[in-house]
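Colleague: First, the structure itself, so that you have it in front of you.
Coordinate-derived values only; no laboratory data. Because the structure is predicted, anything quoted here is derived from the model rather than measured. Positions of Cβ are generated from backbone atoms using ideal geometry, with glycine treated the same way; all protein chains shown enter the neighbour counts.
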Amino acid sequence: MKKGSDGARDRHGELLPELSTSATKMNYEKLVNTPLPNFGKKYPGSPFFMELGYYLLRKTFNSIFRTLEVTGKENIPLDRGSMCSAWHTNGLVDPICIFLTHPKMFVVGGRHDLVTRPILGFWARKFAVQPVVRKAELLRGGCSEEEANYLNGRSLLNLATGISHGFGCALFPEGTSHSESHLIRVKTGPFRTVLAAAAHAKGTGGKLPVIIPIGLHFRTRHFFRTDCWVEYGEPIEMPHEGLPDDLVQTVSNGDWMEPPAEVVIDLRDKVEEKLAPMTPDRDTYSEVHRDGIIAHVQRRIENKPELTWREEVLEVRRLKHEPASKNIQEVATKIGDTLHEAVLDGRDINSQGDGLRGFSPLGAITDLFKLIPLLCLLPTIIIGMGPQIAVGRLLGDRTDEGLDARSSYHFLFGMFGSLGWWPIMATSITILSIVFSTEINTELGIDWIGLLGGEFWQQACSALLLWISTILIFWLSGMSFANGWDTISDFAKWRRRSKTNQKVHADLVKLRELLN
């Protein structure tokens, strides 16, 4: 997020993040009345809405990435709860990546306005999301410190109890989504929560939960159809002997108590040490682009297949600890910055490593097969997807929450827009088809309303069949749009490569010579 331009600072002297318009609107009474999670069943929230929500999330999620790879799921213990801890640069897409790749249901905590926003707030309450008031809101007068302490204590206790009962949970220790190329200051909230969960489990005879550090890697986080790698790290065990008896007793009785500060700080430092290498961990993204170029050119020299996104991330991570020479870094930095400015990257370098890729007949044929369904279904794409794409782009591109929130708006309108817009359009088309059924029969020679028979119930079934078919066509249109967008994106990249090739040709030749 943008740094606090009003000059407000926390007790460490650091500028607080600037609040979005939504975050400044705090309805404390509504927050206190947020539904509490249910720990005795499979679902902490509403079973129906959680299943429906997960289904809708998954359908939308599967379309926003061109490639998605998940590794390390074997590190997730299934016999106890787990706190997932990741860096936070991509708004709501970050927790969704964890929810949909983790094998367990989640108890969810989040910024207070998640449960009070229109539409999103309805779903947050059905998922029993527990609101948290951050220092950024508290120090700017959003509520009193006493009110914030009560609400946060209750929320953290509910999350801790859920983790103790075996649910998953994801809290982001930086406390805010941001645009840096490394971790920003790690806060203590998630570690206080998981220590309380460990105390609850110890007091009730359950297995102590673990913390799982997670790397969330997006090639370009705010682009539609970007590449994603979700990296589950090795679990971190809780300090069984470091939990004082009074903490165990208090939390087990259903009251919140702060874990010992020294235990919290020790756990925070341990997680930060594990989590930092699972980010780019660089001063600037220019360094990341530089090492990505070095990795791709080296791959070309070795005549090996193109790096996958996961392999590129690992190569960039290796080059932090095994840096190239200063001459190589200088040339690669120039290439990387030029390609980044042209919205290109190391994948656009040709097989010889001395220029950018040109026209590929095989790639063009593949893209053509992706484009054909999009062109065939273009009218239904415009009807079924057009309004939500337009509103999502409008709000996402104009949000006051920073570039890291852009994909959140695109994702939400892609999902909720379909949920609300498709039934409306399907109903309208069905009604119009009934009203003009005689004209349709005359013009096309199709008596669709009497397809199943002339009785009223048979005609009603025909209408229902048309309604369902319209929804399915909209869904197919959405899938064809996602795949067809790859063709449009590839064509645009080919145009950009043509314009940029001369700018990097000499430097790529020089880099190849230096690497050889």
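Colleague: Determine the alpha carbon to alpha carbon distance for each of Lys59/Lys126; Lys42/Lys274; Lys370/Lys493 and list only those over 21 Å. Display every interim value, and only then the final one.
Modeller: Working: Lys59/Lys126 19 Å; Lys42/Lys274 31 Å; Lys370/Lys493 16 Å.
The answer is Lys42/Lys274.
Colleague: For the chain, what is the relative contact order in percent, using Cα pairs closer than 8 Å and at least 6 residues apart in sequence? Could the numbers behind the result be given before it?
Modeller: Numbers: 833 pairs, mean separation 84.6, N = 516.
Relative contact order comes out at 16 percent.
Colleague: State the dimensionless ratio Rg/Rh of segment 258-383 (Rg: radius of gyration of Cα atoms; Rh: Kirkwood radius).
Modeller: Numbers: Rg = 20.7 Å, Rh = 17.8 Å.
Value, to two decimals: 1.17.
Colleague: Here are some pairs, Lys73/Lys187; Lys30/Lys270; Lys30/Lys104; Lys41/Lys73; Lys73/Lys320; Lys104/Lys187; which of them have Cα atoms lying more than 32 Å apart in this structure? Could you put the intermediate results ahead of the total?
Modeller: Working: Lys73/Lys187 26 Å; Lys30/Lys270 36 Å; Lys30/Lys104 28 Å; Lys41/Lys73 24 Å; Lys73/Lys320 26 Å; Lys104/Lys187 25 Å.
The pairs that break the limit, which is 32 Å between Cα atoms, are Lys30/Lys270.
Colleague: Next question, about the same structure. Grab the Cα-Cα distance for Thr308 and Glu237, subtract it from 0.36 nm times how many residues apart they are, and report the gain in nm with one decimal.
Modeller: Computed gain between Thr308 and Glu237 is 22.4 nm.
Colleague: Please order His200, His340 by the number of other Cβ within 10 Å, starting at the fewest. Please report the intermediate quantities before stating the final value.
Modeller: Working: His200 28, His340 18.
Ascending Cβ contact count within 10 Å gives the list His340, His200.
Colleague: Work out the FRET efficiency for Leu465 and Phe369 from their Cβ-Cβ distance, taking R0 = 30 Å, and round it to the nearest 0.05. It would help to have the intermediate numbers written out before the result.
Modeller: Details: r = 30 Å, r/R0 = 1.00.
Efficiency, rounded to the nearest 0.05: 0.50.
Colleague: Further question on the same structure: Report the convex hull volume per residue for the chain, counting only C-alpha atoms, in Å³.
Modeller: Details: hull volume 96.0 nm³, N = 516.
It is 186 Å³ per residue.
Colleague: Counting only other residues whose beta carbon sits under 13 Å from that of Gly336, what net charge do I get with K and R as +1, D and E as -1?
Modeller: Numbers: positive: Arg282, Arg290, Lys334, Arg347, Lys503; negative: Glu287, Asp291, Glu312, Glu330, Asp337, Glu341, Asp345, Asp348, Asp507.
Taking every Cβ under 13 Å from that of Gly336, the sum is -4.
Colleague: Explain nothing, just compute: Karplus ³J(HN,Hα) = 6.51 cos²θ - 1.76 cosθ + 1.60, θ = phi - 60°, for every residue of segment 279-289 in order, whole Hz, x for Gly and Pro.
Modeller: 10, x, 6, 10, 5, 9, 6, 4, 5, 5, 4
Colleague: Net charge within 12 Å of Leu52 by Cβ-Cβ distance, Lys/Arg positive one each and Asp/Glu negative one each, not counting Leu52 itself?
Modeller: Numbers: positive: Arg58, Lys59, Lys126; negative: Glu51.
Net charge around Leu52: +2.
Colleague: With N set to the residue count of segment 285-349, report its C-alpha Rg divided by 2.2 N^0.38 Å to two decimal places. Please report the intermediate quantities before stating the final value.
Modeller: Values: Rg = 10.7 Å, N = 65, 2.2 N^0.38 = 10.7 Å.
Working it through for segment 285-349, the quotient is 1.00.
Colleague: Something else about it: What does the extension gain come out to for Asn350 and Glu145, with contour length at 0.36 nm per residue minus their alpha carbon separation? Write down the numbers at each step before the final one.
Modeller: Values: separation 205, 0.36 × 205 = 73.80 nm, distance 5.87 nm.
Taking Asn350 through Glu145 to full extension adds about 67.9 nm, to one decimal.
Colleague: Right, another one. Compare the Cα positions of Thr226, Val251, Pro239 along the charge dipole of segment 194-342 (+1 at Cβ of Lys, Arg; -1 at Cβ of Asp, Glu; about the Cα centre) and return the one farthest towards the positive end.
Modeller: Farthest along the dipole direction, towards plus: Thr226.
Colleague: Spelling out what I want: for every residue of segment 304-320, take phi, set θ = phi - 60°, compute 6.51 cos²θ - 1.76 cosθ + 1.60 (Karplus), and round to whole Hz; glycine and proline get x.
Modeller: Whole-Hz 3J(HN,Hα) from phi for segment 304-320: 9, x, 4, 5, 6, 4, 4, 5, 5, 4, 5, 5, 4, 5, 5, 5, 5.
Colleague: Would you mind computing, in nm to one decimal, how far apart the modelled labels at Thr438 and Asn75 are, each placed 7 Å from Cα along Cα→Cβ?
Modeller: So the label points at Thr438 and Asn75 sit 6.9 nm apart.
Colleague: Using θ = phi - 60° and the Karplus curve 6.51 cos²θ - 1.76 cosθ + 1.60, what whole-Hz ³J(HN,Hα) does each residue of segment 221-232 get, with Gly and Pro shown as x?
Modeller: 4, 9, 9, 5, 6, 7, 9, 9, 10, 9, 10, 7
Colleague: Oh, and also: Per residue, how much space in cubic angstrom lies within the convex hull of the C-alpha atoms of segment 41-278?
Modeller: Numbers: hull volume 29.9 nm³, N = 238.
Spelled out: Cα convex hull of segment 41-278, divided by residues, is 126 Å³.
Colleague: Give me Rg over Rh for segment 361-499, both radii from the alpha carbons and Rh done the Kirkwood way, two decimal places.
Modeller: Working: Rg = 19.5 Å, Rh = 17.6 Å.
Result: Rg/Rh = 1.11.
Colleague: Can you give the extra length, in nm with one decimal, that the chain gains between Glu51 and Thr427 once fully stretched, where that is 0.36 nm per residue apart less the Cα-Cα distance?
Modeller: Gain in length upon complete extension: 132.9 nm.
Colleague: What FRET efficiency comes out for Asp269 versus Glu180 if R0 is 22 angstrom and r is the Cβ-Cβ distance? Round to the nearest 0.05. Don't skip to the end; give the middle numbers.
Modeller: Working: r = 19 Å, r/R0 = 0.88.
About 0.70, to the nearest 0.05.
Colleague: Can you compute the modelled spin-label distance between Val391 and Asn62, with each label point 7 Å from Cα toward Cβ, in nm?
Modeller: Label-label distance for Val391 and Asn62, simple model: 2.5 nm.
Colleague: Further question on the same structure: Mind ranking 343-355, 169-181 by how tightly packed they are, going by the mean number of other C-beta atoms within 10 angstrom, highest first?
Modeller: On the way: 343-355: 17.9, 169-181: 21.2.
Listed from highest to lowest mean packing, they are 169-181, 343-355.
Colleague: Nearest 0.05, what FRET efficiency do Arg496 and Leu378 give at R0 = 30 Å with Cβ-Cβ as r?
Modeller: Working: r = 25 Å, r/R0 = 0.82.
The calculated FRET efficiency here is 0.75.
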